[in-house]
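The values are calculated or read from the model by the stated rules, or taken from the named source; none is laboratory data. It should be emphasised that the depicted structure is a prediction, and the values quoted were computed from it without experimental measurement. Note: ideal-geometry Cβ built from the backbone for every residue, glycine included; neighbour counts use all protein chains shown. What goes into the accessible areas is simple: the full protein's heavy atoms, side chains included, and nothing from ligands, DNA or RNA. Shrake-Rupley method; radii C 1.70, N 1.55, O 1.52, S 1.80 Å.
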Amino acid sequence: MKGGGVALISGGSRGLGLAMVKSLLDQGYRVATFSRRPGEAIERLKEKYSERFSFFEGDMSDQASLGLLVKRVEKECGPIDVLINNAGIATDGVLATMQPDQIEQVIAVNLTGTLLLTRLVVRQMVVRSRGSIINISSIIGLRGYAGLAAYSATKAGLDGMTRGLARELGPRNIRVNSIAPGYLETEMTHGLGENQRSQIVRRTPLGRLGTPDDVVGSVHFLLSPAAGFITGQILTIDGGITC
């Protein structure tokens, strides 16, 4: 899919989400994103791309607001050609001692909210018989990690959603794929201790943590004509740590 279409990215105010917003804007897309708060980087993008960038405040765990948000995006930006499900939270803790509301919140944001947002967006994609959906999952969903059982379950669920939707929507010319990043230099890994970081780097064949830019190129590939026969796949970008 060439630049110039409309892309909706959830959780685009920081980290990997923000990198994807910037990159798709550079590629000529009309980009809309949402999160609970904008941040300084979003304000700068509003000034630089005033005619092609829109930010909306939204919460993935608030089902009612998602419907209103999709309607606003379609009204203000146009029909959505690309959906990137990036928003997610991680609550670190041993499952046996986690509170039920913590588990429910992770599931509500990472999995239930993503399913509901996708349900709303694909309605118009089906009518127009075109579209591309990219789910940002994680190697944690593929291999697991102690203390992140709930998060791992939601990311594995996203990959299952990818496979199911690829079969469901393929006849309507809508492709669905997952990208499973490894450990990236983002806010989500800044809380790791130095020993944890060093251990991850030692276990990674390429000898470093990844960056958002390591993932962005694969997003462009999956949206390009070169990936026109690729759907239902999980592309792992982790420096080789899971090989």
Rounded to whole Hz and in sequence order, give me ³J(HN,Hα) for segment 108-113 from the Karplus expression 6.51 cos²θ - 1.76 cosθ + 1.60, θ = phi - 60°, writing x for Gly and Pro.
4, 7, 6, 10, 4, x
With a 1.4 Å probe and all protein chains kept in place, how do 115, 222 rank by accessible area, largest first?
115, 222
Percent carbon-and-sulfur accessible area, segment 81-162, ignoring ligands, DNA and RNA, probe 1.4 Å
58 percent
Calc'd 3J(HN,Hα), segment 172-184, phi into Karplus 6.51 cos²θ - 1.76 cosθ + 1.60 (θ = phi - 60°), Hz, glycine/Pro = x, comes to 9, 6, 10, 9, 9, 9, 10, 10, 10, x, x, 7, 10
The alpha-carbon pair-distance distribution computed for the chain, with 10 angstrom bins and whole-percent values, is 7, 33, 38, 18, 3, 0
Rank 132, 144, 179 by how far each Cα sits towards the positive end of the charge dipole of the chain (+1 on Lys, Arg Cβ; -1 on Asp, Glu Cβ) and give me just the farthest.
132
Magnitude of the Cβ-charge dipole of the chain, K/R +1 and D/E -1, about the Cα centre, nearest 20 debye?
740 debye
Working with all protein chains in place, sort 97, 114 by solvent-accessible area computed with a 1.4 Å probe, largest first.
97, 114
Just the accessible area for residue 203, please: 1.4 Å probe, Å², rounded to the nearest 10?
120 Å²
Quick one: which residues, 5+ away or cross-chain, put their amide H under 5 Å from the amide H of residue 176? H built at 1.01 Å from N.
133, 232
Can you give the alpha-carbon Rg of segment 157-236 over 2.2 N^0.38 Å, where N counts its residues?
1.35
Per Stokes-Einstein, at 37 °C and 0.692 mPa s, what whole-number D in µm² s⁻¹ belongs to segment 1-78, with the Kirkwood radius over Cα pairs as the hydrodynamic radius?
265 µm²/s
Projected area averaged over all directions for the convex hull of the alpha carbon atoms of segment 116-183, nm², comes out at 4.6 nm²
Cα pair distances of segment 19-140 binned at 5 Å [whole percent]:
2, 9, 19, 22, 20, 14, 8, 4, 2, 0
For segment 45-57, take each phi angle, set θ = phi - 60°, evaluate the Karplus expression 6.51 cos²θ - 1.76 cosθ + 1.60, and give the result in whole Hz per residue in order, putting x for glycine and proline.
5, 4, 6, 6, 10, 4, 8, 10, 10, 9, 10, 10, 7
On a 0 to 90 degree scale, rounded to 10, what angle separates helix 212-223 from the longest Cα axis of the chain?
40 degrees
Spatially proximal aspartates and glutamates relative to residue 22 (Cα-Cα < 16 Å; intrachain offsets below 8 disregarded):
40, 43, 47, 51, 213, 214
Would you please report the Å³ per residue occupied by the convex hull of the alpha carbon atoms in segment 78-219?
125 Å³
Enumerate the amide H contacts of residue 236 below 5 Å, restricted to partners 5 or more residues apart or on another chain; note that Pro and chain-start residues carry no placed amide H.
180
So who's got an amide H within less than 5 Å of the one on residue 185, skipping anything under 5 residues away but keeping other chains? H placed 1.01 Å off N, in plane.
210, 211
Mind checking the per residue accessible area of the chain for me, 1.4 Å probe, whole number of Å²?
48 Å²
Ellipticity estimate at 222 nm from DSSP helix runs (n ≥ 4, -39,500 (n - 2.57)) divided over the chain, nearest 500:
-13500 deg cm²/dmol
